[in-house]
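Step one of this worksheet: look at the structure below.
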Amino acid sequence: ADEGGALNKALDTASARADAAADALQTTRTPDDATAGNSQLASALRALGQDLKSARGDGGRCATSPRVELGTAQSPKSVQEAGRSLTALGYDAGLRLPRTEQAKHRRLANGALVRDGSRGGLGRLTIRNGTGTDAVVTLTRGSRTAFSVYVRQGSNATIRSVNSGAYTVYFTTGEDWNSAKSSFTRGCSFEKFDDKANFRTVRVTGGTQYTVLTFTLNKVIGGNATTSRVSPGEFPS
């Protein structure tokens, strides 16, 4: 199933079938030599049913794949172990389980532009990321995104040619960048700086003056910028 309601419906169906299988096992007469294995399998199926329900999501930002969630859960392994112990006794307990996936660790290059609008000024913005995780910093003017830049943990990135204007500076941090959703899939946070970033490029006698700003995403001694949390839906795409 794809994302959203169809996926959640499939997960609910699989969860119900796991619970029904556990009920059937516990109400069926069991040979003496299979009692322990039968009980183990019923318990594992109930745990699987709960993990399938827990894997449901809204399909929005910071949504790990249910296959990844199941890949880190213990219940699929417990079901397989119980099945093998019964099979070893001569009882066919082969079960088809949902396919799982390992967690991904997708990253962009440091300084890569996730989005880039028209830039023709002389302003310069440097981002310092000491948060311990990768980040994407997005500047907006009104409701329009000017540009977004990827900054790896422990690295700096500089954007040049920033146009004059007042920008709201958003940033999101986390692990495993999903380009299709413009979001990390694990450990996400979404924030913005409370004060706008003001850039000016003006001609003066003998040359041109332009703004150079530095934003540090982690708290530093002597820092003078405050940040606020924002909802995933408020973060610009």
Q) Are any residues in the stretch 142-173 among the small types (Gly, Ala, Ser), at pLDDT 95 or above and within 23 Å of residue 62 (Cβ to Cβ), and if so, which ones? A) 148, 154, 155, 157
Q: Consider residue 219 carefully, then state whether it is in contact (Cβ under 8 Å) with a residue 40 or more places away in the chain, surrounded by fewer than 17 Cβ atoms within 10 Å (Cβ to Cβ) and either assigned to a loop (DSSP other than H, G, I, E, B) or among the aliphatic types (A, V, I, L, M) (or both).
A: no
(Q) Report every pair of residues separated by at least 6 positions or lying on different chains whose Cβ atoms are under 6 Å apart, first residue within the stretch 174-196 and exposed (fewer than 15 other Cβ atoms within 10 Å of the Cβ), second not in a strand (DSSP E or B). (A) 194/226
(Q) Please go through (1) in a strand (DSSP E or B); (2) closer than 20 Å to residue 198 by Cα for residue 118 and return the number of the only condition it doesn't satisfy. (A) (1)
Q: Can you work out which of the residues in the stretch 191-216 that are touching a Ser or Thr at 6+ places or on another chain (Cβ under 7 Å) and in a loop (DSSP other than H, G, I, E, B) is farthest from residue 173 (Cα to Cα)?
A: 200
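A quick yes/no check of all residues on (1) out of contact with any helix residue (DSSP H, G or I) (no Cβ under 9 Å at 6 or more places or on another chain); (2) in the same structural domain as residue 127 (by TED's automatic domain parsing); (3) of a type in the set (Val, Ile, Thr); (4) under 30 Å from residue 177 (Cβ atoms):
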position: 19; (1), (2), (3), (4): no, no, no, no
position: 33; (1), (2), (3), (4): yes, no, no, no
position: 43; (1), (2), (3), (4): no, no, no, no
position: 66; (1), (2), (3), (4): no, no, no, yes
position: 75; (1), (2), (3), (4): no, no, no, yes
position: 79; (1), (2), (3), (4): no, no, yes, no
position: 96; (1), (2), (3), (4): yes, no, no, no
position: 99; (1), (2), (3), (4): no, no, no, yes
Q | the stretch 140-173 - residue that is out of contact with any Gly (no Cβ under 9 Å at 6 or more places or on another chain) and not β-branched (Val, Ile, Thr) and, of those, surrounded by the most Cβ atoms within 10 Å (Cβ to Cβ) | A | 171
Q. How do the pairs read when you match residues in the stretch 103-121 that are surrounded by 13 or more Cβ atoms within 10 Å (Cβ to Cβ) with residues anywhere that are in a loop (DSSP other than H, G, I, E, B) and hydrophobic (A, V, I, L, M, F, W, C), using Cβ under 9 Å and keeping only pairs 6 or more apart or on different chains?
A. 114/108
Q) Just one of 63, 44, 34, 82 is in a loop (DSSP other than H, G, I, E, B) and not basic (Lys, Arg); which is it? A) 63
Q) Among the residues of the stretch 82-93, is there at least one that is over 20 Å from residue 61 (Cα atoms) and among the acidic types (Asp, Glu)? A) yes
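The values are calculated or read from the model by the stated rules, or taken from the named source; none is laboratory data. This is a predicted model, so every value here is computed, not measured. With ideal geometry, Cβ positions are generated from the backbone for all residues, glycine too; neighbour counts draw on all protein chains shown.
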